[in-house]
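Chemist: Encoded as structure tokens, here's the structure I'll be asking about.
The values are calculated or read from the model by the stated rules, or taken from the named source; none is laboratory data. Being a predicted model, the structure only gives us computed values, none of them experimental. Please note: Cβ atoms are built from the backbone with ideal geometry, for glycine as well, and neighbour counts cover all protein chains shown. In case anyone asks, the SASA skips ligands and DNA or RNA and just uses the protein heavy atoms, side chains included. Shrake-Rupley method; radii C 1.70, N 1.55, O 1.52, S 1.80 Å.
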Amino acid sequence: MPELPEVESARATIEAAALGRRIVEVDDSDRYECRPHPAGEIRAALLGRELTGAFRTGKSMWCETSEDGPDLGLHLGMSGRILITHADGSSTEGGDYLGTRYASVAEQPDRKPEWDRFTLTFADGGTLRLFDKRRLGRVRLDPDLSALGPDAERIGAAEFAERVGRGTAPVKARLLDQSVLAGIGNLLADEVLWQARISPRRPADQLPAEELVTLHGAVHEGVRTAIRRGGVHTLDVMPHRAAGARCPRCGAEMARATVASRTTFWCPQEQR
């Protein structure tokens, strides 16, 4: 699913292009994407309002609305994107990366209108759409985010060490636990552990203080680099997460196993 950098891309797109535009129509007819709300409930809550702010904690994103309206939660699912059109017909988008074949959703030859799962129409004629081919996203009013841990981009070193460096679970499992630290997914976890030279299978409570400081720095750097470059797929170890691939630093063959129920790659020479 999209990780923190991809969700930040969608959030920034909304902030730049959708705020302050009056909502005159809402298509919330996709009952699966908008569950548990019945068709029309989200529409009734948003008509006549404006989006006034776009926010994110980890992989969870929401928008505040005008006149003390409800928050609008937008979850991208496995491969969702936010598409915004302007009054002049131009558009902008953000969210899960599309790979190298297509530059935008609009260029996909098999794109179907029904993959737009949720749409806001603005008074100027533009729209905000949640494009979700796999139909795994969610749209929800006043989403409950109380179970999330601190955001991975913003957490301080001391709190990071206290939350991540406890328990006998593998350190990768601690990084993936959204109640411990919000925003890190499978690919980003492999990247930051490789950058920190820490085995994903190390029990979290066996990491000394200096390694937790190093890992905290790798998390911040990995998140910010991925945001700057355009997604976690751009990070350094990503091309080497494959059978027979070799570590881009030392040349050792990358190891592969299942850690925390996720396919995991690491360098057995450097990540002992």
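Chemist: Could you please give the count of residues in the range 126-180 that are closer than 28 Å to Thr214 by Cβ and either at pLDDT below 95 or of a type in the set (Lys, Arg) (or both)?
Modeler: 5
Chemist: With the requirement that a residue be open to solvent by 10 Å² or more (accessible area, probe 1.4 Å) and closer than 17 Å to Leu176 by Cα, what does the range 255-272 give you?
Modeler: Of the range 255-272, the ones open to solvent by 10 Å² or more (accessible area, probe 1.4 Å) are 255-258, 260-263, 265-266, 268-270, 272.
Ala257, Thr258, Ala260, Ser261, Arg262, Thr263, Phe265, Trp266, listed by residue number.
So that you can scan it fast, the table gives a plain yes or no per residue for (1) surrounded by fewer than 20 Cβ atoms within 10 Å (Cβ to Cβ); (2) of a type in the set (D, E, K, R); (3) closer than 28 Å to Trp62 by Cα:
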| site | (1), (2), (3) |
| --- | --- |
| Glu159 | yes, yes, yes |
| Arg166 | yes, yes, no |
| Val192 | no, no, yes |
| Ala209 | yes, no, no |
| Ala218 | yes, no, yes |
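Chemist: For the range 194-207, name all the residues that are assigned to a helix (DSSP H, G or I), free of Cβ contacts under 8 Å to residues at least 40 places away in the same chain and open to solvent by less than 40 Å² (accessible area, probe 1.4 Å). Write out each step before concluding.
Modeler: Narrowing the range 194-207 to residues assigned to a helix (DSSP H, G or I): 194-196, 204-206.
This time we only want the ones that are free of Cβ contacts under 8 Å to residues at least 40 places away in the same chain, so: 196, 206.
Selection gives Ala196 alone.
Chemist: Name the residue that is modelled with the highest pLDDT, counting only residues in the range 99-122 that are touching a Lys or Arg at 6+ places or on another chain (Cβ under 6 Å), of a type outside the set (Ser, Thr, Tyr) and not in a helix (DSSP H, G or I).
Modeler: Checked the range 99-122; the qualifying residue modelled with the highest pLDDT is Phe122.
Chemist: Given the options Leu74, Leu46, Leu83, name the one that is surrounded by 14 or more Cβ atoms within 10 Å (Cβ to Cβ), farther than 25 Å from Arg111 by Cβ and either touching a Gly at 6+ places or on another chain (Cβ under 9 Å) or of a type in the set (D, E, K, R) (or both).
Modeler: Numbers: Leu74 fails: farther than 25 Å from Arg111 by Cβ; Leu83 fails: farther than 25 Å from Arg111 by Cβ.
Within the list Leu74, Leu46, Leu83, the selection yields Leu46.
Chemist: Tally the residues that are among the small types (Gly, Ala, Ser) and in contact (Cβ under 8 Å) with a residue 60 or more places away in the chain, restricting the search to the range 1-53.
Modeler: Within the range 1-53, residues that are among the small types (Gly, Ala, Ser) and in contact (Cβ under 8 Å) with a residue 60 or more places away in the chain number 7.
Chemist: Tell me the residue from Ala242, Ala209 that is more than 27 Å from Gly156 (Cα to Cα), over 22 Å from the mean Cα position of the chain (by Cα) and among the aliphatic types (A, V, I, L, M), please. Full working, then the answer.
Modeler: On the way: Ala209 fails: more than 27 Å from Gly156 (Cα to Cα).
So the residue among Ala242, Ala209 that is more than 27 Å from Gly156 (Cα to Cα), over 22 Å from the mean Cα position of the chain (by Cα) and among the aliphatic types (A, V, I, L, M) is Ala242.
Chemist: Next question, about the same structure. Can you find a residue in the range 237-254 that is within 28 Å of Ala147 (Cα to Cα), of a type in the set (A, V, I, L, M, F, W, C) and open to solvent by 30 Å² or more (accessible area, probe 1.4 Å)? Walk me through how you get there before you give the answer.
Modeler: First, the residues of the range 237-254 that are within 28 Å of Ala147 (Cα to Cα): none.
No; the residues of the range 237-254 include none that is within 28 Å of Ala147 (Cα to Cα), of a type in the set (A, V, I, L, M, F, W, C) and open to solvent by 30 Å² or more (accessible area, probe 1.4 Å).
Chemist: If you go through the range 43-75 one residue at a time, how many are in contact with a Lys or Arg (Cβ under 8 Å, 6 or more places away or on another chain), within 19 Å of Asp132 (Cα to Cα) and not in a strand (DSSP E or B)?
Modeler: 0
Chemist: How many residues does the range 167-188 contain that are closer than 21 Å to Pro5 by Cβ and in a strand (DSSP E or B)?
Modeler: Residues meeting the conditions: 1.
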